[in-house]
Amino acid sequence: MKKWPAIIGALGVGGLALAFTLGQVLPSLRTSNSVIQVDINDPELIKKGEYIARTADCVACHSTLEGEPYAGGLPMLTPLGAIYSTNITPDKDTGIGNYSFDDFNNATKHGVRKDNSALYPAMPYPSYQIMPDEDMAAMYAFFMSGVKAVKQPNRASELPPVLNWRWPLAYWQALFAPEREFIPASDDAMLARGQYLIEGPGHCGSCHTERGIGFQELALSNADSEEFLSGAVIDGWRAKSLRGEHDGLATWSTAELVDFFKTGRTETTAAFGAMAEVVEHSTQYMTEGDLYAMSAYLKTLSPKPGEAVTIAAKEDITTQKLLDGVYDSRGAILYAEYCQICHRADGKGVPRIFPALDGNSAVYSRDADSVLQITLSGGRMPDTPHDRMAFTMPEFINLSDADVAEVVNYIRNSWTNQGSEINVDDVVQMRHFLSKKPKTATDLPPDLSITAAAEGAKP
Amino acid sequence: MNNSLLNLPDAASTRFLRLPLTVITVAVCAFALSGCDSPKPIERNATQFDLVTTDDANQDIGTYVLPQDTSILKEPNAEQIFYGKRLLNETKRLLPDHVGAAMNCNSCHISQGKIPLGDPYINSYNFYPRVMPRSGKEVDLIGRINGCFMRSMNGKPLDRESAEMQAMVAYMKWLAQNTPKSQKVAINNAGEVDTSLIGDPVRGEVIYHVQCATCHGDNGEGMKDSRGDIVFPPLWGDESFNIGAGMARTYKAAAFVKYNMPMGIQTKGLWGHGNVLSDQDAVDVSEFFTHKPRPDFPGKVNDWPTGNKPKDARY
């Protein structure tokens, strides 16, 4: 009888030792050596790499608001503590200046560092994995020769001991980031290009695909399952479904999507939060052809199973009440005081200036995180050369939690919107979350100085 | 049925799964424990200003708390106050016979007259009647409001006893929050700009096109919504304020523009407004738009009867 605890203990220690040892070996099974010789001084290659780095949006995570581009240091909040993005400038001591092309390729596509340890899956290598080595070579040339070296040591993660061990991540990789190839779903070259950009460098699924209990994306492609790009919540934002249901992209045309990617806005809506960053750092720089390909591919995705493609029609009785001064709820009084001047009595906003609230799925979607976050913290639409000004939503942080719930419920259920009721606790939770969240560029007002306007070469 | 939640690749076995699961279980427990001190709903953080006596601006005698419109419901004349507020917000739509310009009162009195430096109504109820330099005689609140109707709104005065005029006064009285006549809220109605600066309309036009024209139009025409209601007021032309308006004067306009325009470009403040332009920028752009063509003001012959005409007066 007494032997059992000892046996279990010994088995446990032995098992852990075995798991540890195997965890050291696993990453090396993922890495590859290529035969490619990269001329990092080839200007054409550097230029190509710069474009690919834009499509992969490296700068968004590998830079901070005040910091140098690509020098890392952006915290990614996890429930257990922050992890920080790394310095990917060509500095030899603190960056990736000593990386060979193979080192770079293995880190970016396979999630394995130069020292053979596994990278956290905050780095979207499960997506980048389908990028061809030739494109990686171009990106390598750009990072070695087109990016300014910055001496800035990486910050250690704030994860507690044991949980900060990296070797268990090797198992995560074996389970959730299996080797995969890009398989075009269509013979149409344009659609295939769009699919590749969405699945690969664009890593859209990082935010728009639901994650499982292992933090893995439930699908890395549409072929995996219809969970792909069917919407998720990340950083207090609801990353909407990009599939064909009503809440998704059913009401969007391809042309609107192109406009949105290019300018960060359409006639009725504007990018905000994390997507505003994506437009500002990445999609606004992409070619019209690539934007069209991505948009056209997204429009091929079937509706998420179980979700309605259209919703029941609802008559707008809100507009007339607001015009007549019939304030039949506390929410209506709050809307008239704080919101109506910009979003208007009809909830249609002002084209390209103030987004519509009526018919805006960010407002009425089941998960109200986005509308709550932007109401409490404000935000700015992306600043691109295509529009003269980038407008902001001011923060309404001074309203009571109860009133935020009132006014959010009001706009979720006014005009033709039909949303579920939120309660005060949802506001409390969001305010609590925001108190810890670091600010990003689109949380701040635009630079409207005359110098900036001149430099921006806006029409 | 396969394990769709985990989406396991075929090669994976449960032996591989155990360790990550343990890590996750520990993580979830730690997170649950850390969430024990759940925060409570917070109340409105109302904007407050000091109250001072009208004789001595340094004597602090209390606090004015900016009211939210929801508190109008507690007033016996709530309906009248709400009507007044709507008239000030949507003057052109609700009083088309009295408003000639495509302007609302609150085109200039930003955020319903609740913002210091944005032409607030907070002290208006107690400030009048008063002898005004422009008219050279005593003007009461109703007279002052009608002055706006004839100048900034390029329209006609309202009957002093009309329900509409009484409603607007009722809103301003409510906004004063029972502040005694001998006291005032320690705020400024307009900000300061350096009036020694000379406006450069050429530079002003450049600024206008970068920072104003998106909303007010390349030709100063403003913007209307699909029903024809004003979204952004015209800054010149037949539908703009006439030359008798304060806003037609370079330095008065500059003081407004500097602290209140553009709107929707800051993440602070009820309109996300202002504080983009330097004094020189504000004077330049104001020199530009105030001097564009606009309606005349027939009553101009009676202004400044005792002299002391300001240097930026238009006549």
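Here are B:Phe149, B:Phe82: which of them is within 14 Å of chain A (Cβ to nearest Cβ), out of contact with any Asp or Glu (no Cβ under 7 Å at 6 or more places or on another chain) and aromatic (Phe, Trp, Tyr)? Step by step, each of B:Phe149, B:Phe82 is checked, and only B:Phe82 is within 14 Å of chain A (Cβ to nearest Cβ), out of contact with any Asp or Glu (no Cβ under 7 Å at 6 or more places or on another chain) and aromatic (Phe, Trp, Tyr).
In this structure, B:Asp229 qualifies as within 12 Å of another protein chain (Cβ to nearest Cβ), surrounded by fewer than 21 Cβ atoms within 10 Å (Cβ to Cβ), under 30 Å from B:Asp97 (Cβ atoms) and in contact (Cβ under 8 Å) with a residue 40 or more places away in the chain. Taking the range A:366-394 as the region of interest, how many residues are in a loop (DSSP other than H, G, I, E, B) and surrounded by fewer than 21 Cβ atoms within 10 Å (Cβ to Cβ)? Matching residues across the range A:366-394 total 7.
Tell me whether the range B:260-267 contains one or more residues that are more than 30 Å from A:Asn398 (Cβ to Cβ) and either at the interface with another protein chain (Cβ under 10 Å from one of its Cβ atoms) or crowded, with 22+ Cβ neighbours inside 10 Å (or both). No, there is no match, as no residue in the range B:260-267 is more than 30 Å from A:Asn398 (Cβ to Cβ) and either at the interface with another protein chain (Cβ under 10 Å from one of its Cβ atoms) or crowded, with 22+ Cβ neighbours inside 10 Å (or both). For the range A:92-132, taking the residues that are in contact with a helix residue (DSSP H, G or I) (Cβ under 7 Å, 6 or more places away or on another chain), of a type in the set (Lys, Arg) and in a loop (DSSP other than H, G, I, E, B), the one that is surrounded by the most Cβ atoms within 10 Å (Cβ to Cβ) is identified as A:Arg113. For the range A:408-447, taking the residues that are surrounded by fewer than 19 Cβ atoms within 10 Å (Cβ to Cβ), modelled with pLDDT under 80 and within 10 Å of chain B (Cβ to nearest Cβ), the one that is farthest from B:Ile42 (Cα to Cα) is identified as A:Asp447. Considering B:Ala282, B:Ala254, the condition of being within 14 Å of chain A (Cβ to nearest Cβ) and among the hydrophobic types (A, V, I, L, M, F, W, C) is satisfied by B:Ala282 alone. Residue pairs whose Cβ atoms lie under 9 Å apart, separated by 6 or more positions or on different chains, with the first residue in the range B:86-97 and within 13 Å of A:Asp324 (Cβ to Cβ) and the second among the basic types (Lys, Arg) and in a helix (DSSP H, G or I), are B:Leu94/B:Arg86. Condition test on B:Ala32, is it closer than 27 Å to A:Phe433 by Cα, surrounded by fewer than 12 Cβ atoms within 10 Å (Cβ to Cβ) and at pLDDT below 95? Spelling it out, B:Ala32 is indeed closer than 27 Å to A:Phe433 by Cα, surrounded by fewer than 12 Cβ atoms within 10 Å (Cβ to Cβ) and at pLDDT below 95.
With respect to the conditions (1) within 14 Å of chain A (Cβ to nearest Cβ); (2) touching a residue at least 12 places away in the same chain (Cβ under 8 Å), B:Ala245 falls short on a single one, namely (1). Identify, by number, the condition in (1) modelled with pLDDT of 85 or more; (2) closer than 18 Å to A:Asp133 by Cα; (3) not assigned by TED's automatic domain parsing to the domain that holds A:Pro121 that A:Ser32 doesn't meet. For A:Ser32, the exception is condition (1). State which residue is farthest from the other protein chains (Cβ to nearest Cβ) when the search covers only the range A:338-350 and only residues that are in a helix (DSSP H, G or I) and surrounded by fewer than 22 Cβ atoms within 10 Å (Cβ to Cβ). Result: A:Cys339. Scanning the range A:379-392 for residues that are touching a Lys or Arg at 6+ places or on another chain (Cβ under 8 Å) and either within 7 Å of chain B (Cβ to nearest Cβ) or of a type in the set (D, E, K, R) (or both) turns up A:Asp387, A:Arg388, A:Phe391, A:Thr392. Just so you know, in the range A:51-70 the residues that are within 18 Å of A:Cys207 (Cα to Cα) and not aliphatic (A, V, I, L, M) include one that is surrounded by the most Cβ atoms within 10 Å (Cβ to Cβ), and it is A:Cys58.
Within 30 Å of A:Tyr128 (Cα to Cα) and not assigned by TED's automatic domain parsing to the domain that holds A:Gly146 - does that describe any residue in the range A:1-14? No, every residue in the range A:1-14 fails to be within 30 Å of A:Tyr128 (Cα to Cα) and not assigned by TED's automatic domain parsing to the domain that holds A:Gly146. Output the residue which, of all residues in the range A:199-233 that are touching a Ser or Thr at 6+ places or on another chain (Cβ under 9 Å) and assigned to a helix (DSSP H, G or I), is nearest to A:Val371 (Cα to Cα). Checked the range A:199-233; the qualifying residue nearest to A:Val371 (Cα to Cα) is A:His208. When the test is whether a residue is touching a residue at least 60 places away in the same chain (Cβ under 8 Å), assigned to a helix (DSSP H, G or I) and assigned by TED's automatic domain parsing to the domain that holds A:Pro124, A:Leu45 passes it.
The values are calculated or read from the model by the stated rules, or taken from the named source; none is laboratory data. Keep in mind that what you see is a predicted model, and the values were worked out from it rather than measured. Note: ideal-geometry Cβ built from the backbone for every residue, glycine included; neighbour counts use all protein chains shown.
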